[in-house]
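Let me begin by presenting the structure, written as structure tokens, before commenting on it.
The values are calculated or read from the model by the stated rules, or taken from the named source; none is laboratory data. If you're wondering where the values come from, they're calculated on a predicted model, not measured in any experiment. Glycine also receives a Cβ, built like all others from the backbone with ideal geometry; neighbour counts cover every protein chain displayed. Protein only, heavy atoms only, side chains kept; ligands, DNA and RNA dropped before computing areas. Shrake-Rupley method; radii C 1.70, N 1.55, O 1.52, S 1.80 Å.
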Amino acid sequence: MSTLSKEVIAELAEHLENAELQAFDVKKITDDYPDMDWEDAYDIQWEIRRRKEERGTRIVGLKMGLTSYAKMSQMGVDTPIYAFLADYFSVPDGGSVKTDELIHPKVEAEIAVITNKVLRGPGCTVAHVLDAISSVLPAVEIIDSRYENFRFDLKSVVADNASSSRFVTGGNVKRIENLDLKTLGVVMEINGEIVATGAGASVLGHPAASVAMLANMLAERNEEIPAGTFIMTGGITAAVAVKPGDNVCVRYQDLGSISMNFV
Ligand code: 0L1
Ligand code: MG
């Protein structure tokens, strides 16, 4: 049950979207609206999505966030969340990420999938997801919370589109039957130094569990995951801060590597 009026939802969406587009930080929104609930938080996120689509921005995928135990303990939370990916978030493999368009970026290694069947909850399981994944590909997410010094709570983060800002995908696309997503390993390097390592099982035990959770969460709003959706299943490692001049390279077992420069 929402607690905020339509006008307040629209105001907060505009406020957070301006912070994203103009790269300035803001106070967490629950300071002024301490009673806002989960539905309010997702209403604000969906309103940001609507604003972008109205201006002609395309939604090119979905993501799950806070799905790894490393990330949950880094942020002191225990519930995964979802968000959307807009077309201009995409940076080509080997490309440059402009830090003057961001506030305080961090990178996360992720496993992404593309579906070929509709996934609809409630009751969506890992079995349904494994049957609906046509391909698997590597992805690196660049998150950039709009909140000052990363001081936020989960509802504020949901409203802020789960800190989504950029992503890079590339490497090799593989069919799911040729991979073991649970043991698939990643090595993240910044400027040639290994800064994080992990395996797919860090994502809720299996990245497909993250997609099932996404379908079940969307069902609460009567939404589904359409066939052909690109989904980033969540960070395998804790997020690592980056600065201008950094080169990030993530090597994936069986899926090649992805790199980018922060300029
Ligand atoms: O992609 C994610 O795991 C979402 C992270 C949201 C919280 C943060 O900014 O670290
Ligand atoms: Mg992420």
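Some observations on this one:
- Close amide H contacts of residue 134 (hydrogens built in the peptide plane, cut-off under 5 Å, sequence separation of 5 or more or a different chain): 114, 115, 116.
- Counting only aspartates and glutamates at least 8 places from residue 243 when in the same chain, those with an alpha carbon closer than 13 Å to its own are 100, 101, 144.
- Kyte-Doolittle mean at least 0.0 and Cα axial length at least 15 Å: DSSP H helices in the chain: 207-219
- Residue among 170, 234, 123 with the largest mean-square fluctuation in a Gaussian network model of the chain, springs linking Cα atoms under 10 Å: 123
- Mean accessible surface per residue for segment 45-137, computed with a 1.4 Å probe while every protein chain stays in place, in Å²: 43 Å²
- Counting all C-alpha pairs of segment 1-49, share separated by more than 11 Å (%): 66 percent
- Cα-based reach from residue 28 at 23 Å (exclusive), listing lysines while leaving out same-chain residues under 8 positions away: 6, 52, 63, 71, 106, 155
- Fully extending the segment from residue 96 to residue 73, taken as 0.36 nm per residue of separation minus the present Cα-Cα distance, adds 5.3 nm.
- Residue by residue, segment 120-127 carries 3J(HN,Hα) couplings of 10, x, x, x, 6, 10, 4, 4 Hz when phi is fed to the Karplus relation 6.51 cos²θ - 1.76 cosθ + 1.60 (θ = phi - 60°); x denotes Gly or Pro.
- Two-site label geometry, residue 183 and residue 60: point separation in nm, points 7 Å out along Cα→Cβ: 3.4 nm
- Which of 110, 53 is most accessible, then next, and so on - probe 1.4 Å: 53, 110
- Placing a label point 7 Å from the Cα of residue 25 along the Cα-to-Cβ line, the residues of segment 225-246 whose backbone N sits under 18 Å from it are 239-244.
- Spatial offset of segment 123-195 relative to segment 14-35 amounts to 24 Å, using the alpha carbon center of each.
- Cα shape, segment 37-114, gyration tensor, a/c 1.5 rule: oblate
- Counting only aspartates and glutamates at least 8 places from residue 174 when in the same chain, those with an alpha carbon closer than 13 Å to its own are 254.
- Computed from the C-beta positions of residue 11 and residue 127 and an R0 of 51 Å, the FRET efficiency is 0.75 to the nearest 0.05.
- Value at 222 nm in deg cm²/dmol, rounded to 500, when DSSP H runs of n ≥ 4 in the chain each add -39,500 (n - 2.57): -7500 deg cm²/dmol
- Residues whose placed amide H lies under 5 Å from that of residue 198, excluding near-sequence neighbours: 186
- With all projection directions averaged, the alpha carbon convex hull of the chain covers 12.6 nm².
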